[in-house]
Amino acid sequence: MSHEVSGVIAPGKGEPVRVETIVVPDPGPGEALVAVQACGVCHTDLHYREGGINNDFPFLLGHEAAGVVEAVGDGVTEVAPGDFVILNWRAVCGQCRACLRGRPWYCFNTHNAKQRMTLAATGQELSPALGIGAFAEKTLVAAGQCTKVDPAASPAVAGLLGCGVMAGIGAALNTGGVSRGDTVAVIGCGGVGDAAIVGSRLAGAAKIIAVDIDERKLVTAQRIGATHTVHSGEADVVEAVRELTGGFGADVVIEAVGRPETYRQAFYARDLAGTVVLVGVPTPEMKLELPLLDVFGRGGALKSSWYGDCLPSRDFPMLIDLYLQGRLDLGAFVTETIALDEVEQAFERMHGGNVLRSVVLF
Ligand code: APR
Ligand code: ZN
Ligand code: ZN
(Lines give C-alpha, C1' and ligand atoms only; values in the text may rest on other atoms or scores of the structure.)
(Ligands and ions follow the chains in the order given, each with its own letter.)
Protein backbone atom coordinates (compact mmCIF):
# COMPACT_ATOMS: atom_id res chain seq x y z
CA MET A 1 0.00 0.00 0.00
CA SER A 2 1.02 3.60 -0.38
CA HIS A 3 -0.22 6.94 0.91
CA GLU A 4 -0.98 10.12 -1.05
CA VAL A 5 -0.22 13.19 1.06
CA SER A 6 0.81 16.83 0.62
CA GLY A 7 4.50 17.73 0.73
CA VAL A 8 6.70 20.78 0.07
CA ILE A 9 8.81 20.26 -3.04
CA ALA A 10 11.81 22.23 -4.32
CA PRO A 11 11.31 21.57 -8.05
CA GLY A 12 14.52 23.09 -9.43
CA LYS A 13 17.50 25.30 -8.65
CA GLY A 14 16.37 28.65 -7.25
CA GLU A 15 12.69 28.01 -8.00
CA PRO A 16 10.12 28.76 -5.30
CA VAL A 17 9.00 25.76 -3.30
CA ARG A 18 5.42 24.52 -3.66
CA VAL A 19 3.02 22.04 -2.15
CA GLU A 20 2.47 18.92 -4.29
CA THR A 21 0.83 15.57 -3.79
CA ILE A 22 3.44 12.93 -3.06
CA VAL A 23 3.25 9.17 -2.80
CA VAL A 24 4.72 7.62 0.34
CA PRO A 25 5.02 3.83 0.28
CA ASP A 26 4.48 1.61 3.29
CA PRO A 27 7.65 0.94 5.27
CA GLY A 28 9.97 -1.77 4.05
CA PRO A 29 12.40 -3.74 6.23
CA GLY A 30 14.10 -1.48 8.77
CA GLU A 31 11.89 1.51 7.93
CA ALA A 32 9.26 3.54 9.74
CA LEU A 33 6.34 5.53 8.36
CA VAL A 34 5.95 8.68 10.46
CA ALA A 35 2.91 10.95 10.64
CA VAL A 36 4.67 14.30 10.93
CA GLN A 37 3.23 16.68 13.53
CA ALA A 38 5.69 19.57 13.26
CA CYS A 39 8.71 20.52 11.17
CA GLY A 40 10.93 23.59 11.53
CA VAL A 41 12.18 25.71 8.63
CA CYS A 42 15.99 25.63 8.56
CA HIS A 43 18.64 27.39 6.42
CA THR A 44 19.64 24.00 5.06
CA ASP A 45 16.22 23.66 3.37
CA LEU A 46 16.90 26.97 1.64
CA HIS A 47 20.36 25.74 0.59
CA TYR A 48 18.71 22.71 -0.99
CA ARG A 49 16.31 24.95 -2.88
CA GLU A 50 19.22 27.06 -4.14
CA GLY A 51 21.10 24.00 -5.38
CA GLY A 52 23.80 24.60 -2.77
CA ILE A 53 23.86 21.02 -1.45
CA ASN A 54 23.54 18.98 -4.64
CA ASN A 55 21.51 18.87 -7.82
CA ASP A 56 19.26 15.90 -7.08
CA PHE A 57 16.04 17.84 -7.73
CA PRO A 58 13.18 17.54 -6.98
CA PHE A 59 13.72 17.65 -3.24
CA LEU A 60 11.18 16.92 -0.56
CA LEU A 61 12.20 19.54 1.99
CA GLY A 62 11.97 19.60 5.79
CA HIS A 63 14.17 17.89 8.35
CA GLU A 64 13.61 19.35 11.86
CA ALA A 65 10.67 17.21 12.74
CA ALA A 66 8.70 15.31 15.31
CA GLY A 67 5.73 13.02 14.81
CA VAL A 68 4.10 9.74 15.61
CA VAL A 69 5.19 6.41 14.18
CA GLU A 70 2.31 5.07 12.10
CA ALA A 71 3.76 1.78 10.88
CA VAL A 72 7.07 -0.05 10.90
CA GLY A 73 8.61 -2.56 8.48
CA ASP A 74 10.02 -5.99 9.15
CA GLY A 75 12.78 -6.30 11.70
CA VAL A 76 12.20 -2.93 13.35
CA THR A 77 12.78 -3.06 17.10
CA GLU A 78 13.78 0.55 17.86
CA VAL A 79 10.27 2.02 17.67
CA ALA A 80 6.65 0.87 17.44
CA PRO A 81 3.44 2.38 16.07
CA GLY A 82 2.14 5.11 18.38
CA ASP A 83 5.59 6.22 19.58
CA PHE A 84 6.22 9.97 19.64
CA VAL A 85 9.60 10.48 17.96
CA ILE A 86 12.11 13.10 16.93
CA LEU A 87 13.74 12.44 13.56
CA ASN A 88 17.49 12.68 13.04
CA TRP A 89 19.61 12.95 9.89
CA ARG A 90 21.54 9.78 10.25
CA ALA A 91 20.71 6.18 11.05
CA VAL A 92 24.15 5.05 12.16
CA CYS A 93 25.48 1.53 11.57
CA GLY A 94 26.79 0.79 15.06
CA GLN A 95 29.60 -1.28 13.57
CA CYS A 96 32.11 0.94 11.78
CA ARG A 97 35.24 2.22 13.49
CA ALA A 98 33.62 5.60 14.27
CA CYS A 99 30.58 3.93 15.84
CA LEU A 100 32.64 1.43 17.79
CA ARG A 101 34.85 4.18 19.15
CA GLY A 102 31.81 6.05 20.48
CA ARG A 103 31.70 8.77 17.81
CA PRO A 104 28.73 7.70 15.73
CA TRP A 105 28.27 11.24 14.42
CA TYR A 106 31.21 10.37 12.13
CA CYS A 107 29.64 7.00 11.11
CA PHE A 108 30.86 5.88 7.67
CA ASN A 109 27.87 3.67 6.84
CA THR A 110 24.71 5.55 7.65
CA HIS A 111 21.71 3.77 6.23
CA ASN A 112 18.92 6.29 5.87
CA ALA A 113 15.72 5.30 4.09
CA LYS A 114 16.02 4.74 0.34
CA GLN A 115 14.56 7.51 -1.78
CA ARG A 116 11.28 5.75 -2.45
CA MET A 117 8.86 8.66 -2.17
CA THR A 118 7.63 10.03 -5.50
CA LEU A 119 5.73 12.95 -7.01
CA ALA A 120 2.15 11.81 -7.65
CA ALA A 121 1.82 13.85 -10.86
CA THR A 122 4.92 12.55 -12.66
CA GLY A 123 6.14 9.52 -10.72
CA GLN A 124 9.54 11.22 -10.33
CA GLU A 125 11.61 10.08 -7.35
CA LEU A 126 12.02 12.68 -4.61
CA SER A 127 15.25 13.37 -2.71
CA PRO A 128 14.35 13.89 0.95
CA ALA A 129 16.32 16.73 2.56
CA LEU A 130 18.95 15.25 4.91
CA GLY A 131 17.37 11.86 4.35
CA ILE A 132 14.19 13.00 6.11
CA GLY A 133 11.75 15.04 3.96
CA ALA A 134 9.34 16.09 6.68
CA PHE A 135 7.46 19.02 5.18
CA ALA A 136 4.92 16.30 4.43
CA GLU A 137 2.00 14.84 6.30
CA LYS A 138 3.79 11.49 6.26
CA THR A 139 7.36 10.55 5.57
CA LEU A 140 9.38 7.37 5.30
CA VAL A 141 12.64 7.10 7.25
CA ALA A 142 14.99 4.43 8.55
CA ALA A 143 13.82 3.29 11.97
CA GLY A 144 17.25 4.30 13.28
CA GLN A 145 16.39 7.91 12.44
CA CYS A 146 13.59 7.87 15.04
CA THR A 147 14.19 8.58 18.71
CA LYS A 148 11.33 8.10 21.13
CA VAL A 149 10.76 10.96 23.57
CA ASP A 150 8.13 11.94 26.16
CA PRO A 151 4.89 12.66 24.25
CA ALA A 152 4.04 15.44 26.71
CA ALA A 153 6.44 17.68 24.77
CA SER A 154 4.99 20.02 22.17
CA PRO A 155 5.79 18.68 18.67
CA ALA A 156 6.97 22.12 17.49
CA VAL A 157 9.59 22.24 20.21
CA ALA A 158 10.58 18.58 19.95
CA GLY A 159 11.20 18.78 16.21
CA LEU A 160 13.73 21.57 16.61
CA LEU A 161 16.03 19.24 18.54
CA GLY A 162 16.43 17.30 15.30
CA CYS A 163 18.81 19.87 13.83
CA GLY A 164 19.96 23.41 14.60
CA VAL A 165 18.99 23.57 18.26
CA MET A 166 20.75 20.27 18.97
CA ALA A 167 23.78 21.45 17.00
CA GLY A 168 24.07 24.52 19.24
CA ILE A 169 23.29 22.90 22.57
CA GLY A 170 25.60 20.00 21.71
CA ALA A 171 28.40 22.38 20.71
CA ALA A 172 28.35 23.74 24.26
CA LEU A 173 27.63 20.56 26.22
CA ASN A 174 29.18 17.78 24.15
CA THR A 175 31.96 19.32 22.07
CA GLY A 176 32.93 22.29 24.24
CA GLY A 177 32.42 20.52 27.55
CA VAL A 178 31.27 23.80 29.10
CA SER A 179 31.32 23.41 32.89
CA ARG A 180 29.97 25.26 35.90
CA GLY A 181 31.73 28.59 36.31
CA ASP A 182 33.21 28.72 32.80
CA THR A 183 33.32 31.87 30.72
CA VAL A 184 31.88 31.33 27.26
CA ALA A 185 31.77 33.54 24.17
CA VAL A 186 29.39 32.72 21.34
CA ILE A 187 30.19 34.37 18.00
CA GLY A 188 27.12 34.52 15.74
CA CYS A 189 23.75 34.46 17.46
CA GLY A 190 21.41 32.90 14.93
CA GLY A 191 19.41 29.82 15.84
CA VAL A 192 22.56 27.73 16.33
CA GLY A 193 24.48 30.32 18.36
CA ASP A 194 21.44 31.01 20.52
CA ALA A 195 21.12 27.29 21.22
CA ALA A 196 24.79 27.31 22.25
CA ILE A 197 23.92 30.10 24.70
CA VAL A 198 21.06 28.06 26.15
CA GLY A 199 23.37 25.01 26.39
CA SER A 200 26.06 27.06 28.15
CA ARG A 201 23.52 28.36 30.60
CA LEU A 202 22.31 24.82 31.28
CA ALA A 203 25.91 23.78 31.97
CA GLY A 204 26.27 26.56 34.57
CA ALA A 205 28.56 28.96 32.70
CA ALA A 206 29.30 32.03 34.80
CA LYS A 207 29.57 34.45 31.89
CA ILE A 208 28.05 34.03 28.47
CA ILE A 209 29.18 36.70 26.01
CA ALA A 210 27.06 36.97 22.86
CA VAL A 211 28.78 38.43 19.78
CA ASP A 212 26.95 39.45 16.61
CA ILE A 213 26.97 42.13 13.92
CA ASP A 214 23.21 42.55 14.18
CA GLU A 215 21.89 44.45 17.19
CA ARG A 216 18.54 42.61 17.04
CA LYS A 217 20.32 39.26 17.46
CA LEU A 218 22.05 40.58 20.56
CA VAL A 219 18.70 41.54 22.08
CA THR A 220 17.38 38.01 21.56
CA ALA A 221 20.61 36.49 22.81
CA GLN A 222 20.30 38.42 26.04
CA ARG A 223 16.68 37.37 26.43
CA ILE A 224 17.60 33.70 26.27
CA GLY A 225 20.56 33.82 28.62
CA ALA A 226 23.58 35.81 27.43
CA THR A 227 25.03 37.82 30.31
CA HIS A 228 27.00 40.23 28.11
CA THR A 229 26.87 41.33 24.48
CA VAL A 230 29.46 42.57 21.99
CA HIS A 231 28.47 44.28 18.76
CA SER A 232 31.19 43.14 16.38
CA GLY A 233 30.65 46.06 14.02
CA GLU A 234 31.40 48.51 16.80
CA ALA A 235 34.03 46.81 18.93
CA ASP A 236 37.18 44.74 18.51
CA VAL A 237 35.72 41.35 19.38
CA VAL A 238 38.91 39.84 20.78
CA GLU A 239 39.64 42.88 22.94
CA ALA A 240 36.04 43.08 24.13
CA VAL A 241 35.91 39.41 25.15
CA ARG A 242 39.26 39.71 26.96
CA GLU A 243 38.05 42.79 28.78
CA LEU A 244 34.89 41.01 29.92
CA THR A 245 36.92 38.06 31.19
CA GLY A 246 39.45 39.83 33.38
CA GLY A 247 41.93 40.23 30.53
CA PHE A 248 42.21 36.52 29.78
CA GLY A 249 39.75 35.42 27.10
CA ALA A 250 36.92 32.92 27.41
CA ASP A 251 37.33 29.32 28.56
CA VAL A 252 35.21 28.21 25.62
CA VAL A 253 34.53 30.16 22.42
CA ILE A 254 31.82 28.85 20.13
CA GLU A 255 31.92 30.04 16.52
CA ALA A 256 28.51 29.80 14.83
CA VAL A 257 28.99 31.90 11.69
CA GLY A 258 31.41 30.03 9.42
CA ARG A 259 33.68 32.80 8.10
CA PRO A 260 37.46 33.33 8.21
CA GLU A 261 37.27 36.52 10.28
CA THR A 262 35.03 34.94 12.90
CA TYR A 263 37.19 31.78 13.00
CA ARG A 264 40.13 34.11 13.69
CA GLN A 265 38.24 35.97 16.41
CA ALA A 266 37.29 32.67 18.01
CA PHE A 267 40.91 31.55 17.95
CA TYR A 268 42.17 34.67 19.72
CA ALA A 269 39.21 35.32 22.02
CA ARG A 270 39.82 32.18 24.07
CA ASP A 271 41.99 32.05 27.15
CA LEU A 272 45.30 30.19 27.03
CA ALA A 273 44.50 26.48 27.05
CA GLY A 274 40.88 27.30 26.27
CA THR A 275 38.68 25.51 23.77
CA VAL A 276 37.43 26.78 20.43
CA VAL A 277 34.34 25.02 19.11
CA LEU A 278 33.70 25.51 15.39
CA VAL A 279 30.05 25.06 14.44
CA GLY A 280 29.75 27.51 11.57
CA VAL A 281 30.29 25.73 8.25
CA PRO A 282 32.73 27.51 5.89
CA THR A 283 32.68 27.25 2.08
CA PRO A 284 35.37 25.22 0.28
CA GLU A 285 37.37 28.25 -0.86
CA MET A 286 37.69 29.89 2.59
CA LYS A 287 41.14 29.91 4.17
CA LEU A 288 42.64 31.17 7.41
CA GLU A 289 46.31 31.90 8.00
CA LEU A 290 47.61 31.78 11.57
CA PRO A 291 51.12 32.20 12.98
CA LEU A 292 52.21 28.73 14.04
CA LEU A 293 53.71 30.18 17.17
CA ASP A 294 50.22 31.28 18.22
CA VAL A 295 48.78 27.85 17.43
CA PHE A 296 51.55 26.24 19.46
CA GLY A 297 51.80 28.82 22.20
CA ARG A 298 48.14 29.23 23.08
CA GLY A 299 47.59 25.54 23.72
CA GLY A 300 44.10 24.28 24.33
CA ALA A 301 41.90 22.73 21.70
CA LEU A 302 40.39 23.57 18.33
CA LYS A 303 37.38 21.36 17.78
CA SER A 304 34.67 21.23 15.20
CA SER A 305 31.23 20.09 16.19
CA TRP A 306 29.18 17.78 13.99
CA TYR A 307 25.44 17.87 14.72
CA GLY A 308 26.41 18.86 18.25
CA ASP A 309 28.37 15.60 18.53
CA CYS A 310 25.06 14.26 19.75
CA LEU A 311 23.87 10.77 20.49
CA PRO A 312 20.17 11.11 19.67
CA SER A 313 19.18 8.21 21.93
CA ARG A 314 20.96 9.83 24.87
CA ASP A 315 20.49 13.55 24.17
CA PHE A 316 16.99 13.92 22.71
CA PRO A 317 15.07 12.32 25.63
CA MET A 318 17.31 14.04 28.19
CA LEU A 319 16.81 17.52 26.70
CA ILE A 320 13.07 16.95 26.32
CA ASP A 321 12.86 15.96 29.99
CA LEU A 322 14.72 19.11 31.04
CA TYR A 323 12.38 21.16 28.85
CA LEU A 324 9.29 19.53 30.41
CA GLN A 325 10.66 20.26 33.87
CA GLY A 326 11.01 23.93 32.95
CA ARG A 327 14.81 23.82 33.14
CA LEU A 328 15.51 24.40 29.44
CA ASP A 329 13.60 27.05 27.52
CA LEU A 330 13.27 25.36 24.15
CA GLY A 331 9.96 27.14 23.60
CA ALA A 332 11.89 30.37 23.01
CA PHE A 333 13.11 28.98 19.69
CA VAL A 334 9.62 28.73 18.19
CA THR A 335 8.93 32.22 16.88
CA GLU A 336 5.86 31.34 14.85
CA THR A 337 3.88 28.35 13.68
CA ILE A 338 2.79 28.24 10.04
CA ALA A 339 0.88 26.08 7.59
CA LEU A 340 2.49 23.78 5.03
CA ASP A 341 1.89 26.22 2.18
CA GLU A 342 3.76 29.04 3.94
CA VAL A 343 7.30 27.64 3.76
CA GLU A 344 8.34 29.91 0.87
CA GLN A 345 7.27 33.00 2.84
CA ALA A 346 9.09 31.65 5.90
CA PHE A 347 12.30 31.50 3.82
CA GLU A 348 11.84 35.19 3.05
CA ARG A 349 11.40 36.04 6.74
CA MET A 350 14.43 34.02 7.77
CA HIS A 351 16.88 36.87 7.34
CA GLY A 352 14.58 39.43 8.89
CA GLY A 353 16.43 39.33 12.18
CA ASN A 354 13.66 38.46 14.58
CA VAL A 355 12.69 34.96 13.48
CA LEU A 356 14.50 32.16 15.30
CA ARG A 357 12.41 29.37 13.86
CA SER A 358 9.20 29.15 11.87
CA VAL A 359 7.62 25.77 12.47
CA VAL A 360 5.09 24.05 10.22
CA LEU A 361 2.32 22.46 12.27
CA PHE A 362 0.26 19.65 10.78
N1 APR B 1 30.37 38.56 13.08
C2 APR B 1 29.43 38.22 14.00
N3 APR B 1 28.25 37.69 13.67
C4 APR B 1 27.98 37.50 12.39
C5 APR B 1 28.91 37.82 11.37
C6 APR B 1 30.15 38.37 11.77
N7 APR B 1 31.10 38.72 10.88
N8 APR B 1 28.36 37.51 10.18
C9 APR B 1 27.14 37.03 10.45
N10 APR B 1 26.91 37.02 11.78
C11 APR B 1 25.73 36.57 12.50
C12 APR B 1 24.41 36.90 11.86
O13 APR B 1 23.98 38.21 12.17
C14 APR B 1 23.50 35.84 12.45
O15 APR B 1 22.92 36.26 13.67
O16 APR B 1 25.78 35.15 12.57
C17 APR B 1 24.45 34.67 12.73
C18 APR B 1 24.23 33.49 11.80
O19 APR B 1 23.00 32.99 12.07
P20 APR B 1 22.04 32.28 11.01
O21 APR B 1 22.29 32.85 9.67
O22 APR B 1 20.69 32.32 11.60
O23 APR B 1 22.60 30.78 10.95
P24 APR B 1 22.39 29.56 11.95
O25 APR B 1 21.23 28.75 11.51
O26 APR B 1 22.43 30.02 13.36
O27 APR B 1 23.71 28.71 11.62
C28 APR B 1 24.99 29.25 11.89
O29 APR B 1 26.07 27.13 12.01
O30 APR B 1 25.41 24.99 11.63
C31 APR B 1 26.03 26.08 11.09
O32 APR B 1 25.59 25.91 8.74
C33 APR B 1 25.32 26.65 9.90
O34 APR B 1 27.22 27.93 9.27
C35 APR B 1 25.90 28.00 9.86
C36 APR B 1 26.08 28.36 11.34
ZN1 ZN C 1 18.41 22.09 9.89
ZN1 ZN D 1 28.89 3.42 11.89
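The values are calculated or read from the model by the stated rules, or taken from the named source; none is laboratory data. It should be emphasised that the depicted structure is a prediction, and the values quoted were computed from it without experimental measurement. Every residue, glycine among them, receives a Cβ derived from its backbone with ideal geometry; neighbour counts consider all protein chains shown. Remember, those area values only see protein heavy atoms, side chains included, never the ligands or the DNA or RNA. Shrake-Rupley method; radii C 1.70, N 1.55, O 1.52, S 1.80 Å.
Mind checking whether some residue in the stretch 282-290 is more than 16 Å from ligand 2 (Cβ to nearest atom), in contact with a Ser or Thr (Cβ under 9 Å, 6 or more places away or on another chain) and in contact (Cβ under 8 Å) with a residue 12 or more places away in the chain?
Here is the first cut: in the stretch 282-290, the ones more than 16 Å from ligand 2 (Cβ to nearest atom) are 282-290.
Checking the rest, the ones that are also in contact with a Ser or Thr (Cβ under 9 Å, 6 or more places away or on another chain) come to none.
No - not one qualifying residue is present in the stretch 282-290.
Against the conditions (1) within 16 Å of ligand 2 (Cβ to nearest atom); (2) among the small types (Gly, Ala, Ser); (3) more than 30 Å from Gly28 (Cβ to Cβ), where does Ser179 fall short? Just the number, please.
Ser179 satisfies all of (1) within 16 Å of ligand 2 (Cβ to nearest atom); (2) among the small types (Gly, Ala, Ser); (3) more than 30 Å from Gly28 (Cβ to Cβ) except (1).
In the stretch 36-60, what count of residues is obtained for those that are open to solvent by less than 30 Å² (accessible area, probe 1.4 Å) and either more than 18 Å from Glu4 (Cβ to Cβ) or among the aromatic types (Phe, Trp, Tyr) (or both)? Even if it seems obvious, please write down each step before you answer.
Taking the stretch 36-60 as the starting set, the residues that turn out to be open to solvent by less than 30 Å² (accessible area, probe 1.4 Å) are 36, 38-42, 45-46, 48, 51, 58-60.
Narrowing further to those that are either more than 18 Å from Glu4 (Cβ to Cβ) or among the aromatic types (Phe, Trp, Tyr) (or both): 38-42, 45-46, 48, 51, 59.
Going through the stretch 36-60 one residue at a time, the tally reaches 10.
Hey, can you tell me all the residues within the stretch 52-72 that are more than 16 Å from ligand 1 (Cβ to nearest atom) and either over 20 Å from Ile22 (Cα atoms) or among the hydrophobic types (A, V, I, L, M, F, W, C) (or both)? Don't jump to the end; show me each part of the working.
Narrowing the stretch 52-72 to residues more than 16 Å from ligand 1 (Cβ to nearest atom): 55-60, 65-72.
Phe57, Phe59, Leu60, Ala65, Ala66, Val68, Val69, Ala71, Val72, listed by residue number.
Any idea which residue in the stretch 264-298 is nearest to Asp194 (Cα to Cα), counting only those that are open to solvent by 30 Å² or more (accessible area, probe 1.4 Å) and among the small types (Gly, Ala, Ser)?
Out of the qualifying residues, it is Ala273.
In the stretch 16-35, which residue that is in a strand (DSSP E or B) and either open to solvent by 10 Å² or more (accessible area, probe 1.4 Å) or hydroxyl-bearing (Ser, Thr, Tyr) (or both) is nearest to Gly144 (Cα to Cα)? Walk me through it before giving the result.
Filtering the stretch 16-35 down to residues in a strand (DSSP E or B) leaves 18-25, 31-35.
Remaining after also requiring either open to solvent by 10 Å² or more (accessible area, probe 1.4 Å) or hydroxyl-bearing (Ser, Thr, Tyr) (or both): 18-21, 23, 25, 31, 35.
Working: Arg18: 29, Val19: 27, Glu20: 27, Thr21: 26, Val23: 22, Pro25: 18, Glu31: 8, Ala35: 16 Å.
Restricting to residues being in a strand (DSSP E or B) and either open to solvent by 10 Å² or more (accessible area, probe 1.4 Å) or hydroxyl-bearing (Ser, Thr, Tyr) (or both), the top hit is Glu31.
When you scan the stretch 182-249 for strands (runs of 3 or more DSSP E) that lie fully inside it, which ones turn up with 3 or more residues that are modelled with pLDDT of 95 or more and open to solvent by less than 10 Å² (accessible area, probe 1.4 Å)?
Details: elements: 183-187, 207-212, 228-231.
Filter on the stretch 182-249 gives 183-187, 207-212.
Have a look at Val76, Val92, Val85 and point out the one that is more than 10 Å from ligand 3 (Cβ to nearest atom), open to solvent by less than 90 Å² (accessible area, probe 1.4 Å) and assigned to a loop (DSSP other than H, G, I, E, B).
Matching residue, one of Val76, Val92, Val85: Val76.
Identify the residue in the stretch 95-109 that is in contact (Cβ under 8 Å) with a residue 12 or more places away in the chain and more than 18 Å from Ser305 (Cα to Cα) and, among all such residues, is most open to solvent (accessible area, probe 1.4 Å). I'd like the intermediate steps shown before the answer.
Keep residues of the stretch 95-109 that are in contact (Cβ under 8 Å) with a residue 12 or more places away in the chain, which gives 95-96, 103-109.
Checking which are more than 18 Å from Ser305 (Cα to Cα) leaves us with 95-96, 109.
On the way: Gln95: 144, Cys96: 11, Asn109: 84 Å².
So the residue we want is Gln95.
Suppose we keep only residues that are away from ligand 1 (no atom under 14 Å from the Cβ) and open to solvent by less than 10 Å² (accessible area, probe 1.4 Å) within the stretch 158-175. Which one would you say is nearest to Asp315 (Cα to Cα)?
Per the criteria, the residue is Leu161.
Any residue that is within 16 Å of ligand 3 (Cβ to nearest atom), touching a residue at least 40 places away in the same chain (Cβ under 8 Å) and within 20 Å of the chain's Cα centre (by Cα) - is there at least one of those in the stretch 313-325?
yes
Just give me the residues in the stretch 308-335 being open to solvent by 20 Å² or more (accessible area, probe 1.4 Å), in contact with a strand residue (DSSP E or B) (Cβ under 8 Å, 6 or more places away or on another chain) and not polar (S, T, N, Q), in sequence order.
Passing the criteria: Pro312, Pro317, Val334.
Which residue pairs have Cβ atoms closer than 6 Å, lie 6 or more positions apart in sequence or on different chains, and pair a first residue in the stretch 161-182 that is of a type outside the set (Val, Ile, Thr) with a second residue that is within 11 Å of ligand 1 (Cβ to nearest atom) and part of a loop (DSSP other than H, G, I, E, B)?
Cys163/Cys42; Gly164/Cys42; Ala171/Val279; Ala171/Ser305
Of everything in the stretch 336-358 that's touching a residue at least 24 places away in the same chain (Cβ under 8 Å) and over 19 Å from Glu20 (Cα atoms), which residue is surrounded by the most Cβ atoms within 10 Å (Cβ to Cβ)?
Arg357
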